[in-house]
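The values are calculated or read from the model by the stated rules, or taken from the named source; none is laboratory data. This is a predicted model, so every value here is computed, not measured. No Cβ is skipped: glycine too gets one built from the backbone with ideal geometry, and neighbour counts run over all protein chains shown. Each accessible area value is taken on the protein alone, full model and side chains, heavy atoms only, with ligands, DNA and RNA left out. Shrake-Rupley method; radii C 1.70, N 1.55, O 1.52, S 1.80 Å.
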Amino acid sequence: MKILAFDTSNKPLTVAVVVDGKVLAHTESTEKKTHSIAILPDIKKALEKANLTVDDIDLIAVAQGPGSYTGVRIAVTVAKTLADTLSKKLVGVSSLELLAADGDKEHILVPLMDARNDNAFAGVYQTVAGKLENVIEDQHTSMAKLLEKLQQYDESKLEFINATPRLQELIQNQFPTATIITSENSLPEASKLAQLAETKKPVADLDDFVPTYLRLTQAEHDWYAKGHKDDGNVSYVEEV
């Protein structure tokens, strides 16, 4: 199977082309430019390096969030557009699960994304029969609540992934002997995204495939703050 995988939900932009489990091309960019500008050129470069065209691809794999609102939207939009216009299969993978793929398979893996103010996007994963299993669902949570939930595990088995300096401080105060992989040392890899995608079912309806935010966007927050209710058909555009 020929897989094109990419992720823009985190700071780096990563793209890979994987064919039958072999990585033919892998690019990673941490340059200070927007992912919206870099993603299509990087996809083109990866395909050229693999000596393939986008028409040759069987499956598109994308990290669908959580993460940067803008970043998640960029990757999901590109993925849906390619899948729709080229009639390709599409698989979405949790951005937290992708981070967990960097961890030690023998540990309880806790991938993190700093959401500021001592909050985080986080999930808890374990490797079961060679596959990552989500044992505490991905969520937007305070670090205090997350660390309380983790009291059920053996501290020596805990491995936190993608921790910023502030999150490291909070973790070490609670679990001083836990393993911590810093954000500088746990960059997501699109090649691992492709491997995860092979174990999942493709999206059945592209129209229903949306980014995973795990918390309200600013537009939603402002809308509900004005007293509006969720009626299932909210546009967040106020009639004037």
The stretch 104-126 - residue that is on the phi < 0 side of the Ramachandran plot and not in a strand (DSSP E or B) and, of those, nearest to the chain's Cα centre (by Cα): 115
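Working only within the stretch 145-162, note down all residues that are of a type outside the set (A, V, I, L, M, F, W, C) and either open to solvent by 70 Å² or more (accessible area, probe 1.4 Å) or farther than 18 Å from residue 67 by Cβ (or both). Even if it seems obvious, please write down each step before you answer.
If we filter the stretch 145-162 for residues that are of a type outside the set (A, V, I, L, M, F, W, C), which is where we start, we get 145, 148-149, 151-157, 159, 162.
Hits for the stretch 145-162 are 145, 148, 149, 151, 152, 153, 154, 155, 156, 157, 159.
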Number of the exception - residue 23 against (1) part of a strand (DSSP E or B); (2) modelled with pLDDT under 90: (2)
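Which count do you get for residues in the stretch 171-194 that are within 16 Å of residue 95 (Cβ to Cβ) and surrounded by 19 or more Cβ atoms within 10 Å (Cβ to Cβ)?
Restricting attention to the stretch 171-194, the residues satisfying the condition of being within 16 Å of residue 95 (Cβ to Cβ) are 181, 183, 186-194.
The next check asks that each one be surrounded by 19 or more Cβ atoms within 10 Å (Cβ to Cβ); those that pass are 181, 183, 186, 188-194.
The qualifying residues number 10.
Tally time: how many residues in the stretch 132-144 are open to solvent by 60 Å² or more (accessible area, probe 1.4 Å) and over 17 Å from the mean Cα position of the chain (by Cα)? Even if it seems obvious, please write down each step before you answer.
Pass one, the stretch 132-144, residues open to solvent by 60 Å² or more (accessible area, probe 1.4 Å): 133-134, 137, 140, 144.
Now narrow it down to the ones that are over 17 Å from the mean Cα position of the chain (by Cα): 144.
Residues that pass the stated criteria total 1.
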Cross-chain or 6+ apart pairs with Cβ under 7 Å, the stretch 202-214 first and open to solvent by 60 Å² or more (accessible area, probe 1.4 Å), then assigned to a loop (DSSP other than H, G, I, E, B): 214/66
Members of the stretch 89-131 that are surrounded by fewer than 23 Cβ atoms within 10 Å (Cβ to Cβ) and hydroxyl-bearing (Ser, Thr, Tyr): 127
Inter-residue pairs, beta-carbon under 8 Å, first farther than 18 Å from residue 204 by Cβ and in a helix (DSSP H, G or I) and in the stretch 72-85, second hydroxyl-bearing (Ser, Thr, Tyr) and open to solvent by less than 10 Å² (accessible area, probe 1.4 Å), 6+ apart: 72/8; 72/9; 72/95; 74/8; 75/8; 75/9
Filter result for residue 32 (farther than 26 Å from residue 123 by Cα, modelled with pLDDT under 95 and surrounded by fewer than 17 Cβ atoms within 10 Å (Cβ to Cβ)): yes
Residue tally, condition closer than 28 Å to residue 115 by Cα and part of a loop (DSSP other than H, G, I, E, B), over the stretch 1-20: 5
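Considering 49, 22, 44, which residue is at negative phi and in contact (Cβ under 8 Å) with a residue 24 or more places away in the chain?
Among 49, 22, 44, only 49 is at negative phi and in contact (Cβ under 8 Å) with a residue 24 or more places away in the chain.
Tell me which residues, restricted to the stretch 55-68, are surrounded by 15 or more Cβ atoms within 10 Å (Cβ to Cβ) and either under 19 Å from the mean Cα position of the chain (by Cα) or part of a helix (DSSP H, G or I) (or both). Walk me through how you get there before you give the answer.
Going through the stretch 55-68, the residues surrounded by 15 or more Cβ atoms within 10 Å (Cβ to Cβ) turn out to be 57, 59-68.
59, 60, 61, 62, 63, 64, 65, 66, 67, 68 - these are the residues of the stretch 55-68 that are surrounded by 15 or more Cβ atoms within 10 Å (Cβ to Cβ) and either under 19 Å from the mean Cα position of the chain (by Cα) or part of a helix (DSSP H, G or I) (or both).
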Among the residues listed as 234, 203, 240, the single one being closer than 22 Å to residue 74 by Cα and at pLDDT below 95: 234
Some residue of the stretch 148-171 being over 15 Å from residue 97 (Cβ atoms), assigned to a helix (DSSP H, G or I), in contact with a helix residue (DSSP H, G or I) (Cβ under 6 Å, 6 or more places away or on another chain) and in contact (Cβ under 8 Å) with a residue 40 or more places away in the chain: yes
